[in-house]
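Engineer: Below you will find the structure I want to go over with you.
The values are calculated or read from the model by the stated rules, or taken from the named source; none is laboratory data. Keep in mind it's a predicted model, so treat the numbers as computed, not measured. Reconstructed Cβ throughout: ideal geometry from the backbone, glycine too, with neighbour counts over all protein chains shown. For the accessible areas, the whole protein counts, side chains as well, though only heavy atoms, and no ligand, DNA or RNA atoms are used. Shrake-Rupley method; radii C 1.70, N 1.55, O 1.52, S 1.80 Å.
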Amino acid sequence: MTLPQVLGLLEEHNPSIANANARQDLAQAALVTSRAYPNPELEVGGGTSTGIGQGALSGSNQQIFISQPLDFPFVREARRMVAEAGITSADEANRHVWLTVRSQVRLAFYEILRRQEVLQISKDNELLLTQIRDKIKLKVEEGESPRYEQVKSEAESLNALKLRESAETQVDDAKSALRMMFGSGLPLQYETSGALPAPLVSLPTLASLREEVLDRQPILQQVRAEVQKAQANVKFQENLRYPQPTLKAGAEQDPGLKQWRVNLVIPLPVWNQRQGPIGEAAAQLRQSEALANQQEFTVIRELENAYNRYRIASRQVETFDAGLLKEAETVLKVAEAAYRFGERGILDYLDAQRTYRSVRTDYLNAQFDRQAARIDLDRLRATDLENL
């Protein structure tokens, strides 16, 4: 599977995205609720009347009333603003989840590629040490090399076998980590193919990145929408202090009497003037503002960390490309030739081989560390939003 194929499975199989989509649906439903008018109430009753006194009539009686709670326009407007801010928050949260999950998938996919490259290095190392062991064994049997060289070569060969088996396990672990994000969307056994993309042509300045992140990062837009939602909720709770009247109209019929009535029911805010809900809303507003400020600090700190990691890894890669990797390979060839002609011992040869393997591994890690830092930069800059 390639990276685009894996990313194509996110919409259907990733639970975090499913949860974010459900949150958007919830916010849309809340907007519908905020726009709804209160339902009228129908009251129907009946019974019997018994006359008391001279001329009083007896018989059945009936009554029917309909009540309609009245919704003030300024209350409806405040309630609608709360719901619309909730939609904005849910939309930005959805974008944040998309960015985060896509970054996690990319990191997990490239981690598989890294582990596969380490496995290949381990296989090459094992093959080389096995060949060295067999040659030394033959030389020892013919009396051309001392016994300790065979012991040393066998120990190095066994260590190479252990490193190769460990690398195979790490590849399986990396595949399991990626599969965990998709559940049954990925089979138990699968193969990945791909390569690291080209590095950034030029890295923007930290100041320009900081402005871009503060302007585009969805998590910041989300917490700002939460602040707007809290502000609207404060206004909504304050508007609810005004009594919400209920208009009631109906008719009553008694024996010999028929009445039509129109009533206006107004609750009196004597004991409860909504000090509690208003205070809770104000506290939630202060909390939202504090969380928004804290989130800005957190995002900027992540940006600075990713920026520095990218620069450090890039310098490391440039050092290897400038000749360090080639020099390690040359040293290994020289040590091999010197050992073959008897100018150096087996220990020098094995040491050069270990150095070359270590340099190859460090070069590989530097490349993937740079890519990991770039993925974090892309996530913070929200560059993937254009592809969603």
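Engineer: Among the residues of the range 211-243, how many are closer than 22 Å to L31 by Cα and open to solvent by less than 40 Å² (accessible area, probe 1.4 Å)?
Structural biologist: Looking only at that region, the number is 13.
To keep it simple, each residue is scored yes or no on (1) under 30 Å from R179 (Cα atoms); (2) assigned to a strand (DSSP E or B); (3) open to solvent by 40 Å² or more (accessible area, probe 1.4 Å).
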| position | (1), (2), (3) |
| --- | --- |
| T48 | no, yes, yes |
| G51 | no, no, no |
| A56 | no, no, yes |
| V75 | no, no, no |
| L99 | yes, no, no |
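Engineer: Given the condition open to solvent by less than 40 Å² (accessible area, probe 1.4 Å) and outside any helix (DSSP H, G or I), answer yes or no: does some residue in the range 16-37 qualify?
Structural biologist: no
Engineer: I'd like the full set of residues that are of a type in the set (S, T, Y), free of Cβ contacts under 8 Å to residues at least 40 places away in the same chain and in contact with an Asp or Glu (Cβ under 8 Å, 6 or more places away or on another chain), limited to the range 19-71.
Structural biologist: Across the range 19-71, the qualifying residue is only Y37.
Engineer: Can A160 be described as modelled with pLDDT under 90, touching an Asp or Glu at 6+ places or on another chain (Cβ under 6 Å), crowded, with 17+ Cβ neighbours inside 10 Å and not basic (K, R)?
Structural biologist: yes
Engineer: Report, by residue number, each residue of the range 136-157 that is within 30 Å of N365 (Cα to Cα) and either within 49 Å of the chain's Cα centre (by Cα) or open to solvent by less than 20 Å² (accessible area, probe 1.4 Å) (or both).
Structural biologist: Those that are within 30 Å of N365 (Cα to Cα) and either within 49 Å of the chain's Cα centre (by Cα) or open to solvent by less than 20 Å² (accessible area, probe 1.4 Å) (or both): S153, E154, A155, E156, S157.
Engineer: If you don't mind, there's one more thing I want to ask. Does the range 244-255 contain any residue that is among the basic types (K, R), surrounded by 13 or more Cβ atoms within 10 Å (Cβ to Cβ), within 46 Å of the chain's Cα centre (by Cα) and not in a loop (DSSP other than H, G, I, E, B)?
Structural biologist: no
Engineer: For the range 206-223, enumerate the residues that are aliphatic (A, V, I, L, M) and without any contact (Cβ under 8 Å) to a residue 60 or more places away in the chain.
Structural biologist: A207
Engineer: Which of (1) over 18 Å from the mean Cα position of the chain (by Cα); (2) farther than 30 Å from L240 by Cα; (3) not charged (D, E, K, R) is the odd one out, the single condition M81 does not satisfy?
Structural biologist: Among (1) over 18 Å from the mean Cα position of the chain (by Cα); (2) farther than 30 Å from L240 by Cα; (3) not charged (D, E, K, R), the lone unmet condition for M81 is (2).
Engineer: Follow-up. Given the options E226, E238, name the one that is over 30 Å from L99 (Cβ atoms), of a type in the set (D, E, K, R) and touching a residue at least 12 places away in the same chain (Cβ under 8 Å).
Structural biologist: E238
Conditions (1) closer than 30 Å to E211 by Cα; (2) surrounded by fewer than 16 Cβ atoms within 10 Å (Cβ to Cβ); (3) in contact with a Ser or Thr (Cβ under 8 Å, 6 or more places away or on another chain), marked per residue:
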site	(1), (2), (3)
R286	yes, yes, no
I300	yes, no, no
A313	yes, no, no
Q316	yes, no, no
A328	no, no, yes
L332	no, no, yes
D351	no, yes, no
Y363	no, no, no
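Engineer: Can you go through R95, R115, R133 and tell me which one is over 28 Å from S358 (Cβ atoms) and open to solvent by 30 Å² or more (accessible area, probe 1.4 Å)?
Structural biologist: After applying the criteria, what remains is R95.
Engineer: Also, I was wondering about something else. Quick check on my filter: what residues within the range 138-156 are in a helix (DSSP H, G or I), within 12 Å of I346 (Cβ to Cβ) and free of Cβ contacts under 8 Å to residues at least 60 places away in the same chain?
Structural biologist: K139, V140, R147, Y148, Q150, V151, E154, A155
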